[in-house]
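Undergrad: One structure is given below, represented as structure tokens, and several questions about it will come after.
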Amino acid sequence: STGNANFSGPTTISTTSGDGVNINASSGSYTFNGLDLTAQNGSGLVANTAGLVSVTGTGNNIDATGGAALDIDATTIDMTFESLSSKDSTSKGVSLSNVTGAGASNGLKVTGLTTIDNSGINDNQASVAIQNNASSIVFADTNILNRNGQGIDIDNTTGDVTFDDILIDTPATGTFDGINVADSNGTTTFNSVVINNSGANGIVLDNLGDTSTDFFVVNGRTTISNSQGSGIVVNNSTGNANFSGPTTISTTSGDGVNINASSGSYTFNGLDLTAQN
């Protein structure tokens, strides 16, 4: 479709099978104000090769079981949500790919809790995946539970990505990193990070930016416990990373911190390392 659609009033949708909203190969402008989605056996909001999709106002929430809360590809977005939830998705929990921003949010803003529980089946299906992104992405507190792939994967991104307090808890299966940021020039910022029992590395920063900017920042505490790989890995990067708060790392196999072929500035404040094997 090339025409526009405007749902000006509160819009409540519940499904027993299928996506809550699916916009595909449509170049118009699609606006929702007060969007409350509950999807069973499907994703909450899917937009693939769409024009502009806006979710504005208050009361915007997504609760998806069996699919992603958001699955956005090749679309311009202006979205604000109070909460996002995805449980038992066979793919990603939140997927933002080839996204540009517009409007008040200039992308995506989540003001309340995001919960991703038991998502993904392999390394290409992170709980939160942000790829080829040129927009602003802002999450409040985020809990990633029982993952089957990477916790957060940010790849080839020029837009800034921000999280408040992030918990990436014990994975259900797999040997996947907790947080992976690669090939990106945007800044990724966390208020605090907790990663428990990662099946591989805790945090991996690969081929980031230039030396003019801190491309990875944790303002508060970083805790990486019982990582089966290294706690923090920096590889082939010229960009800077700053762990401003106390940083506590324990590994069962691998280095506490491993910085390789990287010419940036890497700052730790209160670094407590316990490395096994």
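The values are calculated or read from the model by the stated rules, or taken from the named source; none is laboratory data. This is a predicted model, so every value here is computed, not measured. Here the Cβ is made from the backbone with ideal geometry for all residues, glycine too, and neighbour counts use every protein chain on show.
Undergrad: Do we have any residue at all in region 53-63 that's in contact (Cβ under 8 Å) with a residue 24 or more places away in the chain, surrounded by fewer than 19 Cβ atoms within 10 Å (Cβ to Cβ) and over 16 Å from Thr111 (Cα atoms)?
TA: no
Undergrad: Now for a separate question. Can Ser135 be described as more than 20 Å from Val193 (Cα to Cα), crowded, with 19+ Cβ neighbours inside 10 Å and among the hydroxyl-bearing types (Ser, Thr, Tyr)?
TA: Criteria met by Ser135.
Undergrad: Among the residues of region 93-104, is there at least one that is touching a Phe, Trp or Tyr at 6+ places or on another chain (Cβ under 9 Å), touching a residue at least 24 places away in the same chain (Cβ under 8 Å) and closer than 12 Å to Val46 by Cα?
TA: So far as region 93-104 goes, yes, one or more of its residues are touching a Phe, Trp or Tyr at 6+ places or on another chain (Cβ under 9 Å), touching a residue at least 24 places away in the same chain (Cβ under 8 Å) and closer than 12 Å to Val46 by Cα.
Undergrad: Out of all the residues in region 152-176, which are surrounded by 21 or more Cβ atoms within 10 Å (Cβ to Cβ) and at pLDDT below 95?
TA: Thr157, Gly159, Pro171, Phe176
Undergrad: If you go through region 256-277 one residue at a time, how many are over 11 Å from Arg221 (Cα atoms) and surrounded by fewer than 19 Cβ atoms within 10 Å (Cβ to Cβ)?
TA: Residues in region 256-277 being over 11 Å from Arg221 (Cα atoms) and surrounded by fewer than 19 Cβ atoms within 10 Å (Cβ to Cβ): 14 in total.
Undergrad: Can you tell me which residues in region 237-264 are assigned to a loop (DSSP other than H, G, I, E, B) and touching an Asp or Glu at 6+ places or on another chain (Cβ under 8 Å)?
TA: Correct list: Ser237, Thr238, Gly239, Pro246.
To keep it simple, each residue is scored yes or no on (1) more than 22 Å from Asp141 (Cα to Cα); (2) of a type in the set (D, E, K, R); (3) touching a strand residue (DSSP E or B) at 6+ places or on another chain (Cβ under 6 Å).
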site: Ser29; (1), (2), (3): yes, no, yes
site: Leu35; (1), (2), (3): no, no, yes
site: Asn41; (1), (2), (3): yes, no, no
site: Leu52; (1), (2), (3): yes, no, yes
site: Ala64; (1), (2), (3): no, no, yes
site: Ala74; (1), (2), (3): yes, no, yes
site: Met79; (1), (2), (3): no, no, yes
site: Ser83; (1), (2), (3): no, no, yes
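Undergrad: From the residues in region 1-38 that are small (Gly, Ala, Ser) and in a strand (DSSP E or B), which one is surrounded by the fewest Cβ atoms within 10 Å (Cβ to Cβ)?
TA: Ala25
Undergrad: Say we look at region 177-218 and pick out the residues that are surrounded by 24 or more Cβ atoms within 10 Å (Cβ to Cβ) and farther than 20 Å from Ile137 by Cβ; which of these is nearest to the chain's Cα centre (by Cα)?
TA: It comes out as Gly202.
Undergrad: Which residue pairs have Cβ atoms under 8 Å apart, sit 6 or more places apart or on different chains, and have a first residue in region 1-14 that is of a type outside the set (A, V, I, L, M, F, W, C) and a second that is in a loop (DSSP other than H, G, I, E, B)?
TA: Gly9/Gly34; Pro10/Gly34; Pro10/Gly59; Thr11/Gly34; Ser14/Gly20
Undergrad: Would you confirm whether any residue within region 61-68 is closer than 16 Å to Ile130 by Cβ, modelled with pLDDT of 95 or more and part of a strand (DSSP E or B)?
TA: No, region 61-68 contains no residue that is closer than 16 Å to Ile130 by Cβ, modelled with pLDDT of 95 or more and part of a strand (DSSP E or B).
Undergrad: Is there a residue being surrounded by fewer than 21 Cβ atoms within 10 Å (Cβ to Cβ), of a type in the set (A, V, I, L, M) and modelled with pLDDT of 95 or more anywhere in region 221-236?
TA: The answer is no, given that none of the residues of region 221-236 is surrounded by fewer than 21 Cβ atoms within 10 Å (Cβ to Cβ), of a type in the set (A, V, I, L, M) and modelled with pLDDT of 95 or more.
Undergrad: For the subset of region 88-109 comprising residues that are among the aliphatic types (A, V, I, L, M) and assigned to a strand (DSSP E or B), which member is nearest to Leu52 (Cα to Cα)?
TA: Per the stated criteria, the residue is Val99.
Undergrad: Right, next: Within region 116-123, is even one residue under 17 Å from Thr80 (Cα atoms), assigned to a loop (DSSP other than H, G, I, E, B) and touching a residue at least 40 places away in the same chain (Cβ under 8 Å)?
TA: Among the residues of region 116-123, not one is under 17 Å from Thr80 (Cα atoms), assigned to a loop (DSSP other than H, G, I, E, B) and touching a residue at least 40 places away in the same chain (Cβ under 8 Å), which makes the answer no.
Undergrad: Say we look at region 236-258 and pick out the residues that are of a type in the set (Val, Ile, Thr) and closer than 25 Å to Thr170 by Cα; which of these is farthest from the chain's Cα centre (by Cα)?
TA: Thr252
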